[in-house]
Amino acid sequence: MKRARQNPNSPAGQAEQRGANQRLLLGLSIHPPVIFQGFGSCSSSANSGMGRLQKILIPFLGLVLAFWFYSARDTFKPEMLRGKRVIVTGASTGIGEQIAYHLARMGSHILITARTEAKLQNVVRRCLELGAASARFVSGTMEDTAFAQHVVREAQTSLGGLDMLILNHVGASYFGFFDGDVEHVRKLLEINFLSYVAMTTSALPMLKESEGSIVVVSSMAGKVGFPFTVPYSATKFALDGFFSSLRQEFAIQSINVSITLCILGFIDTGKSSAIPTPAQGLSIPIPAPPPAPPHPSAGASAAVPLGDRTSLPPKNSLESHLFPQAA
Ligand SMILES: NC(=O)C1=CN([C@@H]2O[C@H](COP(=O)(O)OP(=O)(O)OC[C@H]3O[C@@H](n4cnc5c(N)ncnc54)[C@H](OP(=O)(O)O)[C@@H]3O)[C@@H](O)[C@H]2O)C=CC1
Ligand SMILES: CC(C)CCC[C@@H](C)[C@H]1CC[C@H]2[C@@H]3C(=O)C=C4C[C@@H](O)CC[C@]4(C)[C@H]3CC[C@]12C
């Protein structure tokens, strides 16, 4: 039987309207329990049989799919990178440094960049030791868009083109509650995001010609909003938006340049002491910034000769973990 509608101005009518609005607003949160009822607590025996089947069947299907996905044949061969011209940013330490060594073992032409010239020199020497077709560096800061473009031009002049652009560098931030420092967020966006955009834009003509690849090193913090990494997380989310959207545009325009976004979890690069335990507090900076270079945007460019092998850097824990055979 249809209920008579209350006068909207009467107290009972207003209560009814409030209820309707609340139901409207709660629409989203009402639905999940309704859906989950199907999977979960049903009282009749037929339903409980169905529920149990779903409880087992759905995770099982998930496992089968995960197995199928991860056991797909690996078509990667190290020879694919032999002779390829690759830029690796943030390659003076950590993950970037190890990527450079990996490429060196596969015989690529490597152009690395970061701010600390002395470290880059050592990485270049080591790359040549490991079998790189050639290795050189350009030092400078990615706070400056002009420097980001300069690195790409260097690939054009010294390598004659580019097959792969590996964007990995990341500016120093802190691990702790957001401190409200807008300038820090702006600076971090310049280093972690805008320079990636600038390098991609400058490198695109070369990458189109070689039908090459762009690799963007990101983080779980760029997919999920974990606490204590607000500025860092924002820059990584920005990368996802830019590169995921650009990938779709490439597909629409049939541009044969691949874009890979690497979503990494925590990796011990030897700087892991930077992550504080709750007992240590939450304001330890990550990572410690190095001394500023004399002319950040000028950028020194040099190829270290193969002959000088006297001052190789010590292997760090990440390298011996990833490449135990080389330790
Ligand atoms: N380690 C981890 O647990 C995780 C790391 N990642 C991602 O992996 C990538 C590498 O991280 P990781 O190896 O730990 O980082 P590191 O701090 O070890 O290395 C950062 C690199 O970036 C360079 N760099 C820093 N500031 C600037 C700047 N202003 N201009 C140019 N270069 C700069 C540094 O060299 P220099 O100081 O000489 O300039 C260094 O080579 C990052 O994109 C990070 O977000 C993602 C998830 C987890
Ligand atoms: C299932 C979940 C509980 C997993 C949580 C993963 C969390 C803890 C992971 C996801 C991303 C990770 C951070 C990261 O991306 C980059 C860096 C910079 C590096 O120099 C020092 C470590 C740091 C801060 C990582 C710290 C640990 C983070 C927050």
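The values are calculated or read from the model by the stated rules, or taken from the named source; none is laboratory data. Computed from a prediction, not measured in an experiment: that's the story for all the values here. Cβ sites come from the backbone with ideal geometry, for glycine too, and all protein chains shown count toward neighbours. We work out accessible area using only protein heavy atoms, side chains counted, and drop any ligands, DNA or RNA first. Shrake-Rupley method; radii C 1.70, N 1.55, O 1.52, S 1.80 Å.
Return only the number of the condition from (1) in a loop (DSSP other than H, G, I, E, B); (2) acidic (D, E); (3) over 23 Å from the mean Cα position of the chain (by Cα) that E143 does not satisfy.
In the conditions (1) in a loop (DSSP other than H, G, I, E, B); (2) acidic (D, E); (3) over 23 Å from the mean Cα position of the chain (by Cα), E143 misses (3) alone.
Return the residues of segment 127-143 that are within 16 Å of ligand 1 (Cβ to nearest atom) and surrounded by fewer than 19 Cβ atoms within 10 Å (Cβ to Cβ); say none if nothing qualifies.
The one that is within 16 Å of ligand 1 (Cβ to nearest atom) and surrounded by fewer than 19 Cβ atoms within 10 Å (Cβ to Cβ): E143.
Between S233, S218, which is outside any helix (DSSP H, G or I), in the same structural domain as S92 (by TED's automatic domain parsing) and at negative phi?
S218
Going by the structure shown, is I214 at pLDDT 95 or above, open to solvent by less than 30 Å² (accessible area, probe 1.4 Å) and among the β-branched types (V, I, T)?
Spelling it out, I214 is indeed at pLDDT 95 or above, open to solvent by less than 30 Å² (accessible area, probe 1.4 Å) and among the β-branched types (V, I, T).
I'm trying to understand the selection: among the residues of segment 73-118, which are at pLDDT below 95 and touching a helix residue (DSSP H, G or I) at 6+ places or on another chain (Cβ under 8 Å)?
P78
Give the residues of segment 216-251 that are under 25 Å from G161 (Cβ atoms) and away from ligand 1 (no atom under 11 Å from the Cβ), sorted by residue number.
Matches in segment 216-251: F242, F243, L246, R247, E249, F250, A251.
For segment 115-125, state whether one or more residues are free of Cβ contacts under 8 Å to residues at least 12 places away in the same chain and assigned to a helix (DSSP H, G or I).
yes
For residues that are within 12 Å of ligand 1 (Cβ to nearest atom) and either under 13 Å from S213 (Cβ atoms) or surrounded by fewer than 23 Cβ atoms within 10 Å (Cβ to Cβ) (or both), tally how many sit in segment 75-91.
Count: 1.
Pick from segment 173-188 the residues that are aromatic (F, W, Y) and in a loop (DSSP other than H, G, I, E, B): which of them is least open to solvent (accessible area, probe 1.4 Å)?
Checking each candidate, the answer is F178.
Among the listed residues F193, F226, identify the single one that is open to solvent by 30 Å² or more (accessible area, probe 1.4 Å), farther than 15 Å from T89 by Cα and within 16 Å of ligand 2 (Cβ to nearest atom).
Result: F226 is the single residue among F193, F226 that is open to solvent by 30 Å² or more (accessible area, probe 1.4 Å), farther than 15 Å from T89 by Cα and within 16 Å of ligand 2 (Cβ to nearest atom).
In segment 79-96, what residues are in a helix (DSSP H, G or I), out of contact with any strand residue (DSSP E or B) (no Cβ under 8 Å at 6 or more places or on another chain) and not hydrophobic (A, V, I, L, M, F, W, C)?
Once the filter is applied, which keeps residues that are in a helix (DSSP H, G or I), out of contact with any strand residue (DSSP E or B) (no Cβ under 8 Å at 6 or more places or on another chain) and not hydrophobic (A, V, I, L, M, F, W, C), segment 79-96 yields E79, G94.
So which residues in segment 148-181 are hydrophobic (A, V, I, L, M, F, W, C) and under 20 Å from L239 (Cβ atoms)?
A148, V151, V152, L162, M164, L165, I166, L167, V170, A172, F175, F178
Got a sec? Which of R136, R153, R115 is among the basic types (K, R) and over 25 Å from K187 (Cβ atoms)?
Matching residue, one of R136, R153, R115: R136.
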